[in-house]
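Here's the structure, in structure tokens; my notes come after.
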Amino acid sequence: MLKGRRLVYPRSGLRPTKDITRQGIFNVLGGAVRNARVCDLFAGGGALGIEALSRGAALVVFVEKSLKVISCLKANLAGLENVRIIRGDVFRVVPKLQDTGFDIVLADPPYHQGLADRTAELVATNRLVKIEGWLVIEHSRQETVRVPNGWIVFKQRSYGETAVTFFRRQE
């Protein structure tokens, strides 16, 4: 359905997820994506959320702050159903989505700003993911992400300078 879709990005300011990283993420998630309710934080051009849709996600909510990036995101989502875009800062939007019960939250915050750690804590504190759900954070290999209370690290993978940490909610 979505194979071969060419995504558009602004000329600068974004670090799109590489294909090998995206494939690695979804290989680990496997069948958990089918019929899942997914949230894509720091969505950028939407590559992670679009991949979730292509693998059968029931709904994807994209959260992105930049108006310039949202115009690209809208173009990338043209013609797709079961998508919602929320414009705003992740740290202000997530508390409004508290107890939403997503099956999977994908996050690709800017590197080297401490945002991966803050995002994990934010998602956990606001119970954005249902029990046994997933939080997947893409971050720099040089950054470590603390495990929030009530969560476990399921797996961690590295792809060049990028690391991906897969958390599962255990409460």
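Listed values, structure above:
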quantity	calculated
For the chain, the Rg and Dmax computed from alpha carbons only, in angstrom	14.5, 42
Rounded to whole Å, sorted largest first: equivalent-ellipsoid semi-axes of segment 98-171, Cα gyration tensor	20, 12, 10
Sparsely packed GluC sites (Glu not before Pro) within segment 1-94, loop by DSSP, other Cβ within 10 Å at most 11	Glu81
Most mobile listed residue (Asp40, Asp108, Asp117) in the chain, GNM with C-alpha springs under 10 Å	Asp117
Charge dipole magnitude, Cβ of K and R +1, D and E -1 - the chain, Cα centre, debye nearest 20	380
Reach of Lys155 by Cα under 25 Å, taken over lysines that are not fewer than 8 positions away in the same chain	Lys18, Lys130
Contour excess over end-to-end distance, with Cα ends at Asn126 and Arg11 and 0.36 nm allotted per residue	38.0 nm
For segment 68-112: rounded, prolate or oblate by the Cα gyration tensor [a/c cutoff 1.5]	oblate
Pair Gln170, Gln156: separation of 7 Å Cα→Cβ label points (nm)	1.6
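Here, each number is a calculation from the coordinates, and none is a lab measurement. Everything numeric here is computed off the predicted structure, so don't read it as measured data. Glycine also receives a Cβ, built like all others from the backbone with ideal geometry; neighbour counts cover every protein chain displayed.
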